[in-house]
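What follows is calculated from the coordinates using simple rules that are stated; it is not laboratory data. Quick caveat, the model's predicted, so the values are computed rather than measured. Virtual Cβ from ideal backbone geometry, glycine too; neighbours counted across all protein chains shown.
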Amino acid sequence: MPCRSLLCRLLICAVFGCCATLPAPAADKAAEAPKVDPATEAMMKAATPGAMHEKLKPLIGTWKTTVKMYSGPGEPEVSEGTSTSEWILGGRFVRETVKGTYAGMPFEGRGLTGYDNVSKEFVGVWVDNFGTGIATSVGKLDPNGKVINWQTTFNNPMPGMPNTMRSVVEFGNDKTHTFTAYAMVDGKEVKQMEITYTR
């Protein structure tokens, strides 16, 4: 009997010991699953294109450009060119390639436009073959949803220091939109450039 009693005790301990080491049910595992790190969650949210990126959709396509440059009193200088804009990086940015002429010389430029989910602003950069600097812009959507108001900072060769200008992008329909740039001259805002995009 003592041997049987001891054997029973060992079996009971073995059974309960095994049960104690069995894996927890799936529901318990789910409950114990670690939560996503807040920093990772914030980064993923910031990296996801949303409704504000869709506001840039009217820019996409191949366009004929008519450029009017206002350098003083009288009629503006008019030139024509082309612009091609496409989504890149999974719909996060619009890449624009512009070709045309300015003052009788070949002109070529590249732009990137997007919306920063963190700063809650439209953002843009621009480079072209008429300079060696990079112009940077931030923009806000007008309440009507059809206008983006931009502030651009660039290095002005005259007088050789950073300068700012205001510009406006107005969406008409899927066949046209316009870009208009203004600068401060003698304390007054003056239109300097207007680009009409058509297709």
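The HN-Hα couplings worked out from phi for the range 178-186 by the Karplus form 6.51 cos²θ - 1.76 cosθ + 1.60 (θ = phi - 60°) are 10, 10, 10, 10, 10, 9, 8, 10, 6 Hz, whole numbers, x standing for Gly and Pro. Computed about the Cα centre, the dipole magnitude for the range 82-124 is approximately 40 debye when only Lys and Arg (+1) and Asp and Glu (-1) carry charge, each at its Cβ.
For the modelled label position 7 Å from the Cα of THR132 along Cα-to-Cβ, which residues of the range 152-170 have backbone nitrogen atoms closer than 15 Å? Inside the label zone: 155-158, 160-161.
Applying 1/(1 + (r/R0)^6) with r as the Cβ-Cβ distance of MET158 and ALA39 and R0 = 35 angstrom yields a FRET efficiency of 0.15. Pairs exceeding a 21 Å alpha-carbon distance, out of LYS64/LYS188; LYS55/LYS175; LYS68/LYS120; LYS68/LYS175; LYS120/LYS175; LYS140/LYS175: LYS64/LYS188; LYS68/LYS120; LYS120/LYS175; LYS140/LYS175.
Of the chymotrypsin sites (Phe, Trp or Tyr not before Pro) in the range 127-199, the ones in a loop by DSSP (not H, G, I, E or B) with at most 15 other beta carbons within 10 Å are PHE130. Relative to the Cα centre, the charge distribution of the range 51-198, modelled as +1 at Lys and Arg Cβ and -1 at Asp and Glu Cβ, gives a dipole magnitude of about 280 debye.
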